[in-house]
1. Under 18 Å Cα to Cα from residue 87, which aspartates and glutamates show up? Leave out anything in the same chain fewer than 8 places away.
2. Near residue 69, within a Cβ-to-Cβ distance under 14 Å, what is the net charge of the other residues, with Lys and Arg +1 and Asp and Glu -1?
3. Largest first, please: the extent of the C-alpha atoms of the chain along each principal axis, to the nearest Å.
4. Please list, in chain and number order, the residues 5+ apart from residue 89 or on another chain whose amide H is under 5 Å from its amide H, with Hs placed from the backbone.
5. What do you get for trypsin sites (Lys or Arg not before Pro) in the stretch 38-117 restricted to DSSP loop and a cutoff of at most 11 other Cβ within 10 Å of the site's Cβ?
6. Using the alpha-carbon atoms, what tilt in degrees (0 to 90, nearest 10) does helix 97-106 show relative to the longest principal axis of the chain?
7. Compare the Cα positions of 88, 53, 23 along the charge dipole of the chain (+1 at Cβ of Lys, Arg; -1 at Cβ of Asp, Glu; about the Cα centre) and return the one farthest towards the positive end.
8. Do you know the relative contact order of the stretch 22-116, to the nearest whole percent, from alpha carbon pairs under 8 angstrom that are 6+ apart?
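Each reported figure results from applying straightforward, stated rules to the coordinates on display, with no laboratory input. All of these numbers come straight from a predicted model, not from anything done at the bench. We place every Cβ from the backbone using ideal geometry, glycine too, and count neighbours over all the protein chains shown.
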Amino acid sequence: DTAAAVGLAAEHIAHRDPQGVMVVLPADHYVADVEEFRRVLKAGMEVAREGEWVLTIGIRPSRPETGYGYIQQGEQWEERYGTAVFKAVAFHEKPDLNRALKYLESGNYLWNSGMFI
């Protein structure tokens, strides 16, 4: 179970380094721009280290998708290394096609990648 493994890893990291930052990355993602991905991770780790935040990495949708959850994007909170950090307004489970089209058209929704810091 992923949640149990993540919880155990978080406990282990906190015990070894109370100021440590943990990054959880599913193994099934294709990363087209590795340098951009590294900048996103670096920015997220810095923001997480400065407060008790949990950050999630959203992916700008390229099409309506009913197989992914979505993150409703709020106002921009930070910018680091050319990477914008936004507040999350809400998380939405896998939508039907009509709703997925509305999410795409609004420009305020990201695919939930399942990656978090």
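1. 46, 50, 52, 75, 78, 79
2. Summing Lys/Arg as +1 and Asp/Glu as -1 gives -1.
3. 47, 34, 27
4. HN-HN under 5 Å from residue 89: 72, 73, 74.
5. Counting only loop positions with at most 11 other Cβ atoms within 10 Å, none of the trypsin sites (Lys or Arg not before Pro) in the stretch 38-117 qualifies.
6. Roughly 80 degrees, rounded to the nearest 10.
7. 88
8. Details: 136 pairs, mean separation 35.6, N = 95.
Once divided by the residue count of the stretch 22-116, the mean separation gives 37 percent.
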